[in-house]
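Worksheet for the structure shown next.
Bear in mind that the values in this text are calculations on the coordinates, not laboratory data. Keep in mind the model is a prediction, meaning the values are calculated, not measured. Neighbour counts run over all protein chains shown; Cβ positions are idealised from the backbone, glycine included.
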Amino acid sequence: MKNCTSCNVEVVTNYTSFKCPKCGHGKIVRCDRCKTTIKKYKCPECKFIGP
Ligand SMILES: [Zn+2]
Ligand SMILES: [Zn+2]
């Protein structure tokens, strides 16, 4: 089970996940809605906030 890093909604297939561009460790999960609205996300590892 995955949750969007930005809005915390549960995601199944409608999401993208990638590693934090800053530290390369934190896993960012982003639902389609947050992706299209360019919502901010926060890395759980290094607290990097990115678009
Ligand atoms: Zn979201
Ligand atoms: Zn990070």
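For this structure, a couple of remarks:
- Where the Cα pairs of the chain fall when distances are cut into 10 Å bins, in %: 30, 57, 12
- Over the chain, relative contact order from alpha-carbon pairs under 8 Å, at least 6 apart, %: 32
- Note on Phe18 and Cys46: with the Förster distance fixed at 25 Å, the Cβ-Cβ geometry gives a FRET efficiency of about 0.95.
- When the chymotrypsin sites (Phe, Trp or Tyr not before Pro) in the chain are filtered for DSSP coil states and for at most 15 other beta-carbon atoms within 10 Å of their beta-carbon, the remaining sites are Phe48.
- Residue order, fewest to most surrounding Cβ atoms within 10 angstrom, among Thr37, Thr16: Thr37, Thr16
- Only one residue of Thr16, Gly50, Cys31 has its Cα farthest out toward the positive end of the dipole of the chain, where Lys and Arg carry +1 and Asp and Glu -1 on Cβ, and that residue is Gly50.
- Sites count as exposed loop sites when they are trypsin sites (Lys or Arg not before Pro), lie in a DSSP loop, and have at most 14 other Cβ atoms within 10 angstrom; the longest stretch of the chain without one is 1-21.
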